[in-house]
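Worksheet: one structure, shown below.
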Amino acid sequence: MHLLQEIAVLIRKEIVLEWRQRYALNGMLLYIVSTVLICYFGFGQNSAALNSPTWNTLFWIILLFTAVNAVAKSFGQERAARLLYYYTLASPQGIILSKIVYNSLLLLLLAVVGYGFYSVILGNPVEDNLLFLVNVGLGAVGFSSTLTMVSGIATKAGNNSVLMAVLSFPVIIPMLILLIRISKNAMDGLDRSISYDEMITLLAINAIVLAVSYILFPYLWKS
C-alpha cells in the first residue's frame, strides 16, 4: 500500500476510535473549560492583574497541558496485540506520520475552541488575530509531533510518564519561548516581519522533529 494511502486509512481509524471513545475528547474539552473558569474566578475580582503578558502566558500553559493530555495516549491506549496487528499491515513510517497528523488536527481543534472560549471569558487583547492563529497552528504541529514520538518511546519503556517528561522537555521549552514571543508580537499589533525569524525557527524545529520521527521510529517499532 502506498504511504499516503496508509496514512489516510490510519487517520480514519484514529477518528473512528476517537468517536467511539468520545469521553476522551469530552474530557479534554472539560479540562479547557474548567481551567479557563478557574483563571476567570481567580482574576475576575482584579481584572487589572490579568495584563497582556499574563494573558499570553496562561493561554500557552493551558494549551501545553491540553497537548500533553491529548497526545500522551497516542500509543499508551494501544494494546500489544493491536500493535502487533498493525505491524503486519502498515509501515512504521505510516503509523508515526498518521498519528502526528491526527494529533496535530485534534490539538488544532482544541486550541481554536480553547482560544474562542478563553477570549470570551477573559477578553481578547490580541491585535493581529491572523498571526496569532498561525502561531497556534505552528504550536499544535510542534507539540503533537514532539509528544507523539516521545509517547512511542515511553510506551516501549512501559508507559513511563517521567521518561516522557524528560525527553520532551529539551524540545518543548525552546518551542514555548518562540511561541510566546510571536504571540506577544501579535498581541501588540507589531509588523509581521518582526516575527518571521521566530516563525522560521519554529518551522525548522518542526521539520527536524518530523524528520527524526520518520527516520528513527522504524527502529523503535521493530524493538
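Filtered by the rule that a residue be closer than 17 Å to Leu133 by Cβ and either hydroxyl-bearing (Ser, Thr, Tyr) or part of a helix (DSSP H, G or I) (or both), the stretch 177-193 gives Leu178, Leu179, Ile180, Arg181, Ile182, Ser183, Lys184, Asn185, Ala186, Met187, Asp188, Arg192. Ala204 falls short on exactly one of the conditions (1) at pLDDT 90 or above; (2) outside any helix (DSSP H, G or I), and that condition is (2). Considering only residues in the stretch 19-42 that are modelled with pLDDT under 75 and surrounded by 11 or more Cβ atoms within 10 Å (Cβ to Cβ), the one that is nearest to Ala70 (Cα to Cα) turns out to be Ala24. A single entry from Gly114, Gly94 fulfils the requirement of being in contact (Cβ under 8 Å) with a residue 40 or more places away in the chain, under 14 Å from the mean Cα position of the chain (by Cα) and in a helix (DSSP H, G or I): Gly114.
For the criterion of being surrounded by 15 or more Cβ atoms within 10 Å (Cβ to Cβ), of a type in the set (Val, Ile, Thr) and within 27 Å of Ile7 (Cβ to Cβ), Val134 passes.
If only residues of the stretch 51-63 that are among the aliphatic types (A, V, I, L, M) and surrounded by 17 or more Cβ atoms within 10 Å (Cβ to Cβ) are counted, the one that is nearest to Leu176 (Cα to Cα) is Leu63. For the stretch 166-195, the tally of residues that are within 15 Å of the chain's Cα centre (by Cα) and under 21 Å from Gly152 (Cβ atoms) stands at 6. Taken over the stretch 9-19, the criterion of being under 13 Å from Leu105 (Cβ atoms) and free of Cβ contacts under 8 Å to residues at least 24 places away in the same chain is satisfied by Arg12 alone. The single condition among (1) at pLDDT 75 or above; (2) in contact with a Leu (Cβ under 8 Å, 6 or more places away or on another chain); (3) buried (at least 16 other Cβ atoms within 10 Å of the Cβ) that Leu10 does not meet is (2). Residues considered: Gly123, Gly142, Gly114, Gly152. Of these, the only one that is surrounded by fewer than 18 Cβ atoms within 10 Å (Cβ to Cβ) and of a type outside the set (Phe, Trp, Tyr) is Gly123.
When the criteria are applied in full, Leu210 fails the requirement of being surrounded by fewer than 15 Cβ atoms within 10 Å (Cβ to Cβ), at pLDDT 85 or above, under 15 Å from the mean Cα position of the chain (by Cα) and more than 25 Å from Trp55 (Cβ to Cβ). Among the residues of the stretch 129-148, is any over 19 Å from Ala204 (Cα atoms), modelled with pLDDT of 85 or more and part of a helix (DSSP H, G or I)? Yes: the stretch 129-148 contains one or more residues that are over 19 Å from Ala204 (Cα atoms), modelled with pLDDT of 85 or more and part of a helix (DSSP H, G or I). Residues in the stretch 162-192 that are closer than 19 Å to Leu107 by Cβ and modelled with pLDDT under 85 were compared, and the one that is surrounded by the fewest Cβ atoms within 10 Å (Cβ to Cβ) is Phe169. Only residues that are modelled with pLDDT under 70, under 25 Å from Asn26 (Cα atoms) and assigned to a loop (DSSP other than H, G, I, E, B) were counted across the stretch 45-85, and they come to 3.
The values are calculated or read from the model by the stated rules, or taken from the named source; none is laboratory data. If you're wondering where the values come from, they're calculated on a predicted model, not measured in any experiment. Positions of Cβ are generated from backbone atoms using ideal geometry, with glycine treated the same way; all protein chains shown enter the neighbour counts.
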